[in-house]
1. So which residues in segment 38-95 are out of contact with any strand residue (DSSP E or B) (no Cβ under 8 Å at 6 or more places or on another chain), not small (Gly, Ala, Ser) and not in a loop (DSSP other than H, G, I, E, B), if there are any at all?
2. Would you point out the residue of segment 112-128, among those that are surrounded by 14 or more Cβ atoms within 10 Å (Cβ to Cβ) and among the charged types (D, E, K, R), that is modelled with the lowest pLDDT?
3. Would you please list the contacts, defined by Cβ atoms under 7 Å and residues six or more apart or on different chains, that run from a residue in segment 60-84 that is of a type in the set (D, E, K, R) to a residue that is surrounded by 15 or more Cβ atoms within 10 Å (Cβ to Cβ)?
4. Within segment 7-22, count every residue that is in contact with a helix residue (DSSP H, G or I) (Cβ under 8 Å, 6 or more places away or on another chain) and small (Gly, Ala, Ser).
5. Can you name every residue in segment 129-141 that is crowded, with 16+ Cβ neighbours inside 10 Å, under 16 Å from the mean Cα position of the chain (by Cα) and not aromatic (Phe, Trp, Tyr)?
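The values are calculated or read from the model by the stated rules, or taken from the named source; none is laboratory data. The structure displayed is predicted, hence computed values, not measured ones. All Cβ positions, even for glycine, are placed from backbone atoms using ideal geometry, and neighbour counts span all protein chains on display.
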Amino acid sequence: MCDEMLLRLGRWLRAAGYDTAIAEGGTDDAVLIARCAAEGRVLLTRDRLLAVRAEAAVPVLLLVEETIEGQARALTASLGVDWLCAPFTRCVIDNAVLEAAPPEAAAEVPDRSREVGGKLLRCPVCRRLYWPGGHVRRMRERLASWAG
């Protein structure tokens, strides 16, 4: 579970294939801690006070790194995060498990990206389409760099 300050990191964890909840902005600390406990989640936060409040109830990792790269390194070192766990099997927005897109979805992909080929995936919640080219390719490269 990422606190609201770690929205971007939460989306990268989802891109790597992790079931990652992201707290809504303004969520009360007690509610956030209770949700982590109920769902058996580790709390990732940049908020020192929240980390102190939560440490008796749930596992907490305080991330002091400013950059996404530093945060990724800290997660790998502290929790053994595998950035190539299951890339692009979850929607980075909704956290839903992606499904195979129907063949007609190929018409939604830019012409240049269609030439790349590969499997098209779709989020069943937001309907976002994922294809092997473009930003997905660049994100995979970044995940691979974090994986070492």
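1. Within segment 38-95, Glu39, Leu49, Val52, Arg53, Ile68, Glu69, Gln71, Arg73, Thr76 qualify.
2. The qualifying residue modelled with the lowest pLDDT is Arg114.
3. So the pair list comes out as Glu65/Gln71; Glu65/Ala74; Asp82/Ala147.
4. Final tally of qualifying residues: 3.
5. Val136, Met139, Arg140, listed by residue number.
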